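J.: Quick one: the structure is below, questions incoming.
The values are calculated or read from the model by the stated rules, or taken from the named source; none is laboratory data. All figures in this text were calculated on a predicted structure; none of them were measured in a lab. Counting neighbours? That spans all protein chains shown, and the Cβs are built from the backbone with ideal geometry, glycine included.
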Amino acid sequence: MGLHKGNTAQYELRDGSKIAVLGGGPTGSFFSIFALKMAKMMGKEINVTIYEPKDFTKDGPGGCNRCGGIISELLLQTIAVEGITLPDRVVRKGIHSYKLHTNHGTVFIATPAFEKTIATVYRGGGPKGMAGGETESFDNFLLSRAAAEGAIHVPLRIERVESRGKPVLFSQNKEVMEADLVAGCFGVNSTTGKIFEEMGIGYKQPSTSTAAIAELAMTEEAITECFGNSIHLFLIPDKDIKFAAMIPKGQFVTLCILGEDLSPSIVREFLERTLVKSVLPSSYSIECSCLPRMNSGAARRPFADRVVICGDAGSTRLFKDGLGGAYLMGKAAAKAAVFQGVGEADFRREYYPVYKSIIYDNLYGSFLYAVIGQYRRWKYLTKAMIEVVRKEQRDTDNTEKILSNILWDMFTGNERYKNVFLKSLKVRMHIDMWEGLFKSLLRRDDAER
Ligand SMILES: Cc1cc2nc3c(=O)[nH]c(=O)nc-3n(C[C@H](O)[C@H](O)[C@H](O)COP(=O)(O)OP(=O)(O)OC[C@H]3O[C@@H](n4cnc5c(N)ncnc54)[C@H](O)[C@@H]3O)c2cc1C
């Protein structure tokens, strides 16, 4: 693969070129892994330094990049092809099914392949008291993989970036590096976006909403009995909550509530609901809870000469598989930098198409969530949906299971939203839904008689 000839030589990475990666979360690590691998393929020796102040081996908030920790089937398979296989010490549970809870019934959706193909992980050392032992966090694992490729991890927070022809980075008021390229992989849970806005390159941070996460501590026996190897998903009519998930992991269950600007009381209010109580064991405690920001709309101008911004700080997949988005964008940015160059035109040509494809796909996602919102809101639509999925799950001869697959793909992040949308156009599913709706309306009439 040769360099793009339209590129000016000043933006080519050469032996000894320096890349500063701001943030050692999944995006920063994926970017670094691929930049180093690709440079080796080109016979170039580049220097990659990852600035990351967090210690991902620490338990509690200090080591945690707050997240549900579901690794989609798609991402697991994709990174395995790249030679990155998650070891058992990183996986907290293998998941083979979802249990969907609504106010009008519960249904079990098994993985279409009947394998435990989804993994749950912790992004840091886990809730307080969990660090050490045999386990490792996902972020620490990826950061170590980047280090194994040759990246240097510096535990500093970058506080200022000045543009002096090349970007110059400062931490604790000291100049720490003049870089040939800065990769901004800083997510949305810090004030770092402002540093890039103030550089005057046209970057505007993504829009965000507030989500809620809590770690629920309970015995492993209780987890096995109440949750098994399933993620429990709650689709309930509530103006603030889009959906909520309970994700089993060893001695804890991670509760994630997604919605618009949630308040600190949301976790307790949610846990007090009769439907939610019916899933939980009689005894558990809330170990910790937080309100992380979530990317809900892409950043503007995520690149300039010698600057590229990826992952959550740029754009990500709506409400799911943000880690898959981190992989896609980290790799695309690395490819642009190594094979094309680090000028704005290079990123526009090689990186921007991937960035935009995520934005376009999220438009389908927004539409699908709006449809699911209606199903959640209208009792008879909820009942019809449960009816159809139950029938599909019972019918072993039915290999298509259209609605089950659509719900699986929506909530696991296994498919692009566009493909989920295309599946939803299948006539068979609409016939089944009308039949389900008709039956639930008939039952209402019977009950009223
Ligand atoms: C409630 C919730 C649940 C989620 N659940 C899932 C899920 O189950 N599965 C999934 O795939 N995705 C999930 N996501 C999305 C996922 O967490 C993100 O998409 C992912 O973390 C993005 O990775 P990132 O590396 O871009 O950013 P981050 O993970 O936020 O990492 C950014 C890193 O940059 C560092 N940093 C920031 N500023 C600086 C600085 N100035 N100098 C140096 N370092 C800096 C931070 O310390 C941090 O480590 C969830 C998100 C939320 C909010």
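J.: Every residue in region 56-80 that is more than 10 Å from the ligand (Cβ to nearest atom) and in a loop (DSSP other than H, G, I, E, B), please.
T.: THR57, LYS58, ASP59, GLY60
J.: Could you check how many residues of region 197-215 are in contact with a helix residue (DSSP H, G or I) (Cβ under 8 Å, 6 or more places away or on another chain) and within 15 Å of the ligand (Cβ to nearest atom)?
T.: Initially, region 197-215 is screened for residues in contact with a helix residue (DSSP H, G or I) (Cβ under 8 Å, 6 or more places away or on another chain), giving 203-206, 212, 214.
Now restrict to residues that are within 15 Å of the ligand (Cβ to nearest atom): 203, 205-206, 212, 214.
Qualifying residue count, region 197-215: 5.
J.: Which residue pairs have Cβ atoms closer than 8 Å, lie 6 or more positions apart in sequence or on different chains, and pair a first residue in region 27-47 that is crowded, with 22+ Cβ neighbours inside 10 Å with a second residue that is assigned to a loop (DSSP other than H, G, I, E, B) and among the hydroxyl-bearing types (Ser, Thr, Tyr)?
T.: Pairs found: ILE46/SER17.
J.: For region 323-330, does any single residue satisfy the condition of being among the aromatic types (Phe, Trp, Tyr), touching a helix residue (DSSP H, G or I) at 6+ places or on another chain (Cβ under 6 Å) and away from the ligand (no atom under 12 Å from the Cβ)?
T.: For region 323-330, residues among the aromatic types (Phe, Trp, Tyr), touching a helix residue (DSSP H, G or I) at 6+ places or on another chain (Cβ under 6 Å) and away from the ligand (no atom under 12 Å from the Cβ): absent.
J.: Is it the case that region 265-280 has a residue that's within 21 Å of ASN295 (Cα to Cα), near the ligand (Cβ under 10 Å from one of its atoms) and within 21 Å of the chain's Cα centre (by Cα)? Even if it seems obvious, please write down each step before you answer.
T.: First pass over region 265-280, keeping only residues within 21 Å of ASN295 (Cα to Cα): 266-267.
Next, from what is left, pick out any that are near the ligand (Cβ under 10 Å from one of its atoms): none.
There is no residue in region 265-280 that is within 21 Å of ASN295 (Cα to Cα), near the ligand (Cβ under 10 Å from one of its atoms) and within 21 Å of the chain's Cα centre (by Cα).
J.: Right, another one. Mind telling me which of the residues ALA214, ALA119 ends up being modelled with pLDDT of 95 or more and over 21 Å from LEU22 (Cβ atoms)?
T.: The conditions single out ALA214.
J.: To continue, here is another question. How many of the residues in region 36-55 are within 15 Å of the ligand (Cβ to nearest atom) and either part of a helix (DSSP H, G or I) or under 20 Å from GLU12 (Cα atoms) (or both)?
T.: Filtering region 36-55 for residues within 15 Å of the ligand (Cβ to nearest atom) gives 48-55.
If we keep only those that are either part of a helix (DSSP H, G or I) or under 20 Å from GLU12 (Cα atoms) (or both) as well, we get 48-49.
Summing the residues that are within 15 Å of the ligand (Cβ to nearest atom) and either part of a helix (DSSP H, G or I) or under 20 Å from GLU12 (Cα atoms) (or both) in region 36-55 gives 2.
J.: Within region 75-115, take every residue that is among the small types (Gly, Ala, Ser) and surrounded by fewer than 17 Cβ atoms within 10 Å (Cβ to Cβ) and give me the one that is farthest from GLU225 (Cα to Cα). Spell out how you get there, then give the answer.
T.: Kept after step one, since they are among the small types (Gly, Ala, Ser), are these residues of region 75-115: 80, 83, 94, 97, 105, 110, 113.
Of the ones still in play, those that are also surrounded by fewer than 17 Cβ atoms within 10 Å (Cβ to Cβ) are 80, 83, 94, 105, 110, 113.
Numbers: ALA80: 31, GLY83: 35, GLY94: 16, GLY105: 19, ALA110: 17, ALA113: 23 Å.
My answer is GLY83.
J.: Oh, and also: Of all the residues that make up region 277-327, how many are in a loop (DSSP other than H, G, I, E, B) and in contact (Cβ under 8 Å) with a residue 12 or more places away in the chain?
T.: Taking region 277-327 and keeping what is in a loop (DSSP other than H, G, I, E, B), we get 280-284, 291-292, 298-299, 301-302, 305-306, 310, 314-321.
Then keep just the ones that are in contact (Cβ under 8 Å) with a residue 12 or more places away in the chain; that gives 280-281, 283-284, 291-292, 298-299, 301-302, 305-306, 310, 314-321.
Summing the residues that are in a loop (DSSP other than H, G, I, E, B) and in contact (Cβ under 8 Å) with a residue 12 or more places away in the chain in region 277-327 gives 21.
J.: Of all residues in region 83-98, how many are touching a residue at least 24 places away in the same chain (Cβ under 8 Å) and either more than 16 Å from the ligand (Cβ to nearest atom) or among the polar types (S, T, N, Q) (or both)? Steps first, please.
T.: To start, the set of residues in region 83-98 that are touching a residue at least 24 places away in the same chain (Cβ under 8 Å) comprises 84, 86-87, 89-98.
Next cut, either more than 16 Å from the ligand (Cβ to nearest atom) or among the polar types (S, T, N, Q) (or both) only: 87, 89, 96-97.
Qualifying residue count for the region: 4.
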